[in-house]
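Asker: Below: one structure in structure tokens.
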């Protein structure tokens, strides 16, 4: 009988350790024994983009029979965005819930699916799974640094069956800096409000050698600030009155294209991230927030999250013949984090969200009352590695053209929790009089792992004005859960499948209409599996039309979507203190339906103005509601979904959001104006409008968040073709708004900020 545990161990110990040697050895063989030939740079680049990326370019979006978006490097850099929340809100159908105000921990939702820690979105970088443990711990605090990216691809609808492990919501593919064809140097430095400093440096080139083309790019991205919140002053600050962060992220990417009879490309990437952020789970009461919106309470002064991320891949691309390409990638990541954060009140014994609303507990947290509070060291190590291969073959059968795609992936990931508590005794003046350290691993000593085999197949069929793209995906998961603090040691497995098809009809050169259907899935983590949590399944439908008239400077798209979700999987991730805190569960049926709209227009093209004036508008209406009630028999009473009734809105999903913006582009001067509106949302599934839980207790997580319209302004001036000066203004009107009630307490978005700097590119 096939032993998956033995195979996984063997793969980890033998294959992963040797994959670099094997691929490099293959490179040497190609160099020594294969004959030489040449290839055009344009054709090479197109082949690689088609096989590695989800979309490939902004121009390709119009040809996809599904809702898709491509954010290029100009879109990212023009407003100096590093906050992923700000970037994604311009994309219809995508919602993000703010948590820290700086975009460090985005909670991403697509078309009304639960946004909690982006657990339902497949997150990739360069076509590779990059979340710390997407199978074993999908609800993890992680997102690639948006400011260093060359592009971000978003895919929804039926075309996402090629990608997993989550096929209900959508795909985000972050594209790192590419290797340039000629020598390039880029640097961007800015300084601004709250001690903000960023520096982004890129240097790369491609060289012709007697053995082939060698390319490289070296990059470093640094960001640091002091934060926009202040902490109640106490004498024993560990971090000082600092609510900021620092992030350092170097990367190197190498490529080699040997002079062989068949075009080949070898690519190696090594990246590292070191982040230190003085962030907390603790917010404020709503009343305190309205008076002091950017204050943090004294008890949160020791909170800090440290992370390290190592990521790498080795990729081989080969053109087997003029119609067939094969891409094989071996990858491995290691992510470590320790979040030392306030966990609960001990005297009085209350979860933080209730402690805030308790008279004695509030005094304790403010540092004006005696008692005991607990800090937890949430130390976790995440590991993943895998091997994936994708084959594309073009052929013609009669009057039809086919583009066949086949993919296979072996993947392993693991999360190792090793947590402990620190109990702080505080006097009536807020001074710490004693600290009691809990046993190492006493607050969580667990291991979760998943081995997954995934297969997908897709055929893009073109016949006359029609394009039909059927596809299917199957994944087999072997999961293991072990709690070292108990005798629990169990294995579970899932066999899940997805299938979909899109249909596109080209009405004219300017107009096409499309519709699609997709059966998706999302699996629970290994802990949920041991408790009998079923996989989430969904049926999604969409229909839309696109119009594109570049000579008139106008394009428009409107899409309607409808998604029915069964056995929705959620994770109790709010630190609620309930009996199921941190575990997954099924909560029943959810329906999400809505409309996405986007338009672009540049009146200067037809009117032949001396300057460019592009406009854009995107809007999303989402009706995401529970189709079944959620009782405490499925979840504990502390969970934010408990108490939802049929017809209630899914929490933290706004019904309406839109973005609008324009640019005035002169010879040397450019002005960018971007506005974003996010409607109000409910904080909990029971759609409470006041701060009272199901048992009548005051709990700050219950209630509504604010609707808000944010305006950003950017100006840049080209000193010469290679040097640009710029300034960026965030939240120009200085809106103060309640952005989130999670994890524990009200917190607002960032206030007005100003940045300025220089960009050099040559």
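The values are calculated or read from the model by the stated rules, or taken from the named source; none is laboratory data. Everything numeric here is computed off the predicted structure, so don't read it as measured data. Here the Cβ is made from the backbone with ideal geometry for all residues, glycine too, and neighbour counts use every protein chain on show.
Asker: Of the residues 676, 645, only one is farther than 22 Å from residue 737 by Cα and touching a residue at least 24 places away in the same chain (Cβ under 8 Å); which?
Answerer: Exactly one of 676, 645 is farther than 22 Å from residue 737 by Cα and touching a residue at least 24 places away in the same chain (Cβ under 8 Å), namely 645.
Asker: Evaluate the following for residue 392: is it at pLDDT 95 or above, within 30 Å of residue 269 (Cβ to Cβ), touching a helix residue (DSSP H, G or I) at 6+ places or on another chain (Cβ under 7 Å) and not in a loop (DSSP other than H, G, I, E, B)?
Answerer: yes
Asker: What is the residue count in the stretch 601-626 for residues that are surrounded by fewer than 16 Cβ atoms within 10 Å (Cβ to Cβ) and within 27 Å of the chain's Cα centre (by Cα)?
Answerer: Residues flagged as surrounded by fewer than 16 Cβ atoms within 10 Å (Cβ to Cβ) and within 27 Å of the chain's Cα centre (by Cα) within the stretch 601-626 amount to 1.
So that you can scan it fast, the table gives a plain yes or no per residue for (1) in contact (Cβ under 8 Å) with a residue 40 or more places away in the chain; (2) more than 25 Å from residue 450 (Cα to Cα); (3) in contact with a strand residue (DSSP E or B) (Cβ under 9 Å, 6 or more places away or on another chain):
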| position | (1), (2), (3) |
| --- | --- |
| 479 | yes, no, yes |
| 485 | yes, no, yes |
| 494 | yes, no, yes |
| 505 | yes, yes, yes |
| 510 | no, yes, yes |
| 521 | yes, no, yes |
| 528 | yes, no, yes |
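Asker: Something else now. For residue 636, work out the one condition from (1) touching a residue at least 60 places away in the same chain (Cβ under 8 Å); (2) closer than 22 Å to residue 168 by Cα it doesn't fulfil.
Answerer: (2)
Asker: Could you look through the stretch 285-328, keep only residues that are in a loop (DSSP other than H, G, I, E, B) and free of Cβ contacts under 8 Å to residues at least 40 places away in the same chain, and pick out the one that is surrounded by the most Cβ atoms within 10 Å (Cβ to Cβ)?
Answerer: First, the residues of the stretch 285-328 that are in a loop (DSSP other than H, G, I, E, B): 285, 292-294, 297, 301-303, 322-323.
Still in the running and free of Cβ contacts under 8 Å to residues at least 40 places away in the same chain: 292, 322.
Details: 292: 12, 322: 7.
Among those residues, the one meeting the criterion is 292.
Asker: Report the residue count in the stretch 689-733 for those that are in contact (Cβ under 8 Å) with a residue 24 or more places away in the chain and over 30 Å from residue 189 (Cβ atoms).
Answerer: Selection size over the stretch 689-733: 17.
Asker: Hey, can you tell me all the residues within the stretch 587-600 that are closer than 19 Å to residue 115 by Cα and buried (at least 20 other Cβ atoms within 10 Å of the Cβ)?
Answerer: 587, 590, 592, 594, 596
Asker: Has the stretch 96-105 got any residue that is assigned to a strand (DSSP E or B) and either buried (at least 24 other Cβ atoms within 10 Å of the Cβ) or without any contact (Cβ under 8 Å) to a residue 40 or more places away in the chain (or both)?
Answerer: There is at least one residue in the stretch 96-105 that is assigned to a strand (DSSP E or B) and either buried (at least 24 other Cβ atoms within 10 Å of the Cβ) or without any contact (Cβ under 8 Å) to a residue 40 or more places away in the chain (or both).
Asker: May I ask you to list the residues in the stretch 669-689 that are part of a strand (DSSP E or B) and under 22 Å from residue 631 (Cβ atoms)?
Answerer: Taking the stretch 669-689 and keeping what is part of a strand (DSSP E or B), we get 669-678, 682.
Correct list: 682 only.
Asker: In the stretch 533-554, how many are in a strand (DSSP E or B) and more than 30 Å from residue 135 (Cα to Cα)?
Answerer: 8
Asker: Give the stretch 468-509 a look and list any residue that's more than 26 Å from the chain's Cα centre (by Cα) and buried (at least 16 other Cβ atoms within 10 Å of the Cβ), or say none.
Answerer: Those that are more than 26 Å from the chain's Cα centre (by Cα) and buried (at least 16 other Cβ atoms within 10 Å of the Cβ): 468, 469, 470, 482, 483, 492, 503, 504, 505, 506.
Asker: Of all residues in the stretch 61-83 being in contact with a strand residue (DSSP E or B) (Cβ under 7 Å, 6 or more places away or on another chain) and assigned to a helix (DSSP H, G or I), which is nearest to residue 196 (Cα to Cα)?
Answerer: Once the filter is applied, the top-ranked residue is 73.
Asker: Please work out which residue is nearest to the chain's Cα centre (by Cα), limiting yourself to the stretch 445-456 and to residues that are free of Cβ contacts under 8 Å to residues at least 60 places away in the same chain and surrounded by 18 or more Cβ atoms within 10 Å (Cβ to Cβ).
Answerer: The qualifying residue nearest to the chain's Cα centre (by Cα) is 447.
Per-residue answers, yes or no, for (1) in contact (Cβ under 8 Å) with a residue 60 or more places away in the chain; (2) surrounded by 22 or more Cβ atoms within 10 Å (Cβ to Cβ):
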position	(1), (2)
352	yes, yes
391	yes, no
406	no, no
412	yes, yes
419	no, no
423	yes, no
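Asker: Residues to consider are 542, 551; find the one that is in contact (Cβ under 8 Å) with a residue 60 or more places away in the chain and touching a helix residue (DSSP H, G or I) at 6+ places or on another chain (Cβ under 8 Å).
Answerer: 542
Asker: Give the residues of the stretch 689-701 that are buried (at least 19 other Cβ atoms within 10 Å of the Cβ) and either modelled with pLDDT of 95 or more or touching a helix residue (DSSP H, G or I) at 6+ places or on another chain (Cβ under 7 Å) (or both), sorted by residue number.
Answerer: Scanning the stretch 689-701 gives 691, 699, 700, 701.
Asker: Looking only at the stretch 707-736, which residues are part of a loop (DSSP other than H, G, I, E, B) and either at positive phi or crowded, with 18+ Cβ neighbours inside 10 Å (or both)? Explain how you work it out, then say what you get.
Answerer: Filtering the stretch 707-736 for residues part of a loop (DSSP other than H, G, I, E, B) gives 707, 721-722, 731-736.
Correct list: 731, 734.
Conditions (1) surrounded by fewer than 18 Cβ atoms within 10 Å (Cβ to Cβ); (2) more than 24 Å from residue 750 (Cα to Cα); (3) in contact with a strand residue (DSSP E or B) (Cβ under 7 Å, 6 or more places away or on another chain), marked per residue:
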residue	(1), (2), (3)
211	yes, yes, yes
214	yes, yes, yes
218	yes, yes, yes
222	yes, no, yes
228	no, no, no
231	no, no, yes
241	yes, no, yes
245	no, no, yes
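Asker: Can you pull out every residue in the stretch 125-139 that is assigned to a loop (DSSP other than H, G, I, E, B) and touching a strand residue (DSSP E or B) at 6+ places or on another chain (Cβ under 7 Å)?
Answerer: Result: 126, 127, 130, 131, 132, 133, 134, 135, 136, 137, 139.
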